[in-house]
Amino acid sequence: MGSPMATFGEVPATYPPGFVFDMGVWISEDKQIIPIRFLHFEQRRIVIDVAGPSSAITAMYEQLRHFLSGLQAPDGSPIVGEPERVLDHTTISAQFPFAIEAMFAPPLRKLLARVIRANASSKELALVSTMVKEKHPGVQ
């Protein structure tokens, strides 16, 4: 038992806070090994994080629902009900054959170095870039 990470929003303060399972594997129907980063159970959410395709998450969730289908809460309701919504978060990492600094004009690099109080030509100064694309609710 432990408090899950706030992956898709704040985790409600409950007791117990949730169940946290970190590090595992899933064997897909086509016999591929899919690493599971974590499986978190919160009061109102189940969060599955894998190093693989989202389709693996769907298969895992369906198997989990099947496994838990015979269990009931004290009031007789199912342990896992029907989902209200499904959220997806994808992270893609890449290594390029050129230094990331090549993507920034020298004046911008100097400005960034000045902001963090570093020497712009220093070998220790490394830029790490993140691009974020989000779909906002109500946008088609």
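The values are calculated or read from the model by the stated rules, or taken from the named source; none is laboratory data. All figures in this text were calculated on a predicted structure; none of them were measured in a lab. Backbone-built Cβ (ideal geometry, glycine too); neighbour counts: all protein chains shown.
Couple of notes before you dig in:
- Residue 14 surrounded by 11 or more Cβ atoms within 10 Å (Cβ to Cβ), out of contact with any strand residue (DSSP E or B) (no Cβ under 8 Å at 6 or more places or on another chain), assigned to a loop (DSSP other than H, G, I, E, B) and of a type in the set (Ser, Thr, Tyr): yes
- For beta carbons closer than 6 Å, sequence separation of 6+ or different chains, a first residue in the stretch 91-105 that is not assigned by TED's automatic domain parsing to the domain that holds residue 48 and a second that is in a loop (DSSP other than H, G, I, E, B), the qualifying pairs are 100/127; 100/129; 101/127.
- Residue list for the stretch 38-88, restricted to those being within 18 Å of residue 20 (Cβ to Cβ) and charged (D, E, K, R): 42, 44, 45, 49
- Enumeration of residues in the stretch 33-82 that are within 25 Å of residue 93 (Cα to Cα) and among the acidic types (Asp, Glu): 49
- Considering (1) closer than 30 Å to residue 10 by Cβ; (2) at pLDDT below 85; (3) of a type outside the set (Phe, Trp, Tyr), the lone condition that residue 120 does not fulfil carries the number (1).
- Of all residues in the stretch 28-68 being of a type in the set (Lys, Arg) and farther than 16 Å from residue 87 by Cα, the one that is surrounded by the fewest Cβ atoms within 10 Å (Cβ to Cβ): 31
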